[in-house]
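Asks: Quick one: the structure is below, and I'll ask about it shortly.
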Amino acid sequence: MIGNALGRFLWRGQGWQIVLLRKVLSFKGKFLRNRDLVIKEAEAVMFGAIDELLAKTSLKPKDIGILIVNCSLFNPTPSLSAMVINHYKLRGNIISYNLGGMGCSAGLISIDLAKNLLQVHPNTYALVVSMENITLNWYFGNERSMLVSNCLFRMGGAAILLSNKRSDRWRSKYRLVHTVRTNKGADDKCFSCVTQMEDSNGKVGVALSKDLMAVAGDALKTNITTLGPLVLPMSEQLLFFATLVARKLFKRKLKPYIPDFKLAFEHFCIHAGGRAVLDELEKNLQLSDWHMEPSRMTLYRFGNTSSSSLWYELAYSEAKGRIKRGDRTWQIAFGSGFKCNSAVWKALRTINPAKEKNPWIDEIDQFPVEVPKVSTI
């Protein structure tokens, strides 16, 4: 029954190497969605990412002063952040947060929170862990609006280390320049466009509204209105202002001027939420295939890994040898609520792919690939 329902859907923008826990794909017998299996997935994702990070940085767990874990749909007791503290035996005075229910944009919310905490806690390391749980949240009903999430979301996670220690500048990859957060939760349509709910048969899933694209566009517009003056060259700001004055003050019938963000950024990491989202942003921001490649290949290879997808995209650019010293990267994330968040990073050094260890390294020569617009299952 589940297979037939999924078969009626279109697989857009994804390949067949994406990751699901084995039990999720096994429709033989009873599905074992018990707590132990859910915890195993969470531990595999979180601890796997953190282990690699500690190995790369030669950091000791007790050096970490701030811990932020975000996972939207799985919030056990003890919390995920408590699980990390227990597993790595982190120090007793660690400042820890566990963010839940904040959707795919929670990764950048965690980064913004870490930035603010580092401003008041000197000589500190902040560890951010972004993930989502698939085992607990697979939808077994037949509502089309809720089946879409089954087609998009996949296992994945990322661990990010931030530092405000002067001595770490020489080995750091990036400097966090700006974070801009936009929240449209006061509007009912925005609030309800992505909702976890029960269908008519009592099956729990995440429903995506038909208004999602319009809501995302409105949130992005608000976000870039705030971000633009911080990053755009003065020439672009003047053109935008002149067009606005002509339209509003003199009632000229002019199209709104869309600033050229390619003058402000060399790289774009747009949340791999789905093919339609990427197509719309490519058109509205007037980006090239090269700029969209990290996002499209991440969706194809790993699926929508929720809040961690932005880091798979940045890792793609690193594995391709694209990141040069001084390059600026714009990360854009969308999430339920409805939220649109941005982070701007500046590369402190040229990234040598030969010295990198990330999910793309072993197969980066196989990308990019041609992704058909629509293919049937």
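Asks: Which one of these is in contact with a helix residue (DSSP H, G or I) (Cβ under 9 Å, 6 or more places away or on another chain) and without any contact (Cβ under 8 Å) to a residue 40 or more places away in the chain: 303, 274, 321, 326? Break it down into steps so the answer makes sense when it comes.
Replies: Details: 303 fails: without any contact (Cβ under 8 Å) to a residue 40 or more places away in the chain; 274 fails: without any contact (Cβ under 8 Å) to a residue 40 or more places away in the chain; 326 fails: in contact with a helix residue (DSSP H, G or I) (Cβ under 9 Å, 6 or more places away or on another chain).
Among 303, 274, 321, 326, only 321 is in contact with a helix residue (DSSP H, G or I) (Cβ under 9 Å, 6 or more places away or on another chain) and without any contact (Cβ under 8 Å) to a residue 40 or more places away in the chain.
Asks: Mind listing whichever residues of the stretch 226-270 are outside any loop (DSSP other than H, G, I, E, B) and within 24 Å of residue 107 (Cα to Cα)? Even if it seems obvious, please write down each step before you answer.
Replies: Let us first name the residues in the stretch 226-270 that are outside any loop (DSSP other than H, G, I, E, B), namely 226-231, 234-248, 261-263, 267-270.
The answer is 226, 227, 228, 229, 230, 231, 261, 262, 267, 268, 269, 270.
Asks: Residues of the stretch 200-239 being touching a helix residue (DSSP H, G or I) at 6+ places or on another chain (Cβ under 7 Å), of a type outside the set (D, E, K, R) and free of Cβ contacts under 8 Å to residues at least 24 places away in the same chain, which ones?
Replies: Correct list: 229, 237.
Asks: Here's a follow-up. Does residue 336 satisfy being in the same structural domain as residue 188 (by TED's automatic domain parsing), within 23 Å of residue 264 (Cβ to Cβ) and crowded, with 16+ Cβ neighbours inside 10 Å? Give the derivation first.
Replies: On the way: in the same structural domain as residue 188 (by TED's automatic domain parsing): yes; within 23 Å of residue 264 (Cβ to Cβ): no; crowded, with 16+ Cβ neighbours inside 10 Å: yes.
The answer is no for residue 336.
Asks: Follow-up question, since we're still on this one. Among the candidates 226, 222, 243, single out the residue that is of a type in the set (Ser, Thr, Tyr) and surrounded by fewer than 14 Cβ atoms within 10 Å (Cβ to Cβ).
Replies: When all the criteria are applied, what remains is 226.
Asks: Are there any helices (runs of 4 or more DSSP H) wholly within the stretch 271-349 with 2 or more residues that are of a type in the set (S, T, N, Q), and if so which? Step through it out loud before you land on a result.
Replies: Values: elements: 275-284, 289-302, 309-319.
Here the list reads 289-302, 309-319.
Asks: I would also like to ask the following. Which members of the stretch 76-99 meet the condition of being part of a loop (DSSP other than H, G, I, E, B) and surrounded by 15 or more Cβ atoms within 10 Å (Cβ to Cβ)?
Replies: Residues satisfying the conditions are 76, 79, 90, 94.
Asks: Testing residue 254 on (1) modelled with pLDDT of 95 or more; (2) of a type in the set (A, V, I, L, M, F, W, C); (3) surrounded by fewer than 24 Cβ atoms within 10 Å (Cβ to Cβ), one condition comes back false. Which one is that?
Replies: (1)
Asks: While we're here: Is there a residue in the stretch 27-35 that is buried (at least 18 other Cβ atoms within 10 Å of the Cβ) and outside the structural domain of residue 192 (by TED's automatic domain parsing)?
Replies: no
Asks: For residue 73, state whether it is aliphatic (A, V, I, L, M), farther than 23 Å from residue 303 by Cα and in a loop (DSSP other than H, G, I, E, B). Before you say what the answer is, go through the steps one by one.
Replies: Working: aliphatic (A, V, I, L, M): yes; farther than 23 Å from residue 303 by Cα: no; in a loop (DSSP other than H, G, I, E, B): yes.
So residue 73 does not fit the description; no.
Asks: Quick one: count up the residues across the stretch 193-215 that are surrounded by fewer than 16 Cβ atoms within 10 Å (Cβ to Cβ), assigned to a loop (DSSP other than H, G, I, E, B) and touching a strand residue (DSSP E or B) at 6+ places or on another chain (Cβ under 9 Å).
Replies: 0
The values are calculated or read from the model by the stated rules, or taken from the named source; none is laboratory data. Because the structure is predicted, anything quoted here is derived from the model rather than measured. With ideal geometry, Cβ positions are generated from the backbone for all residues, glycine too; neighbour counts draw on all protein chains shown.
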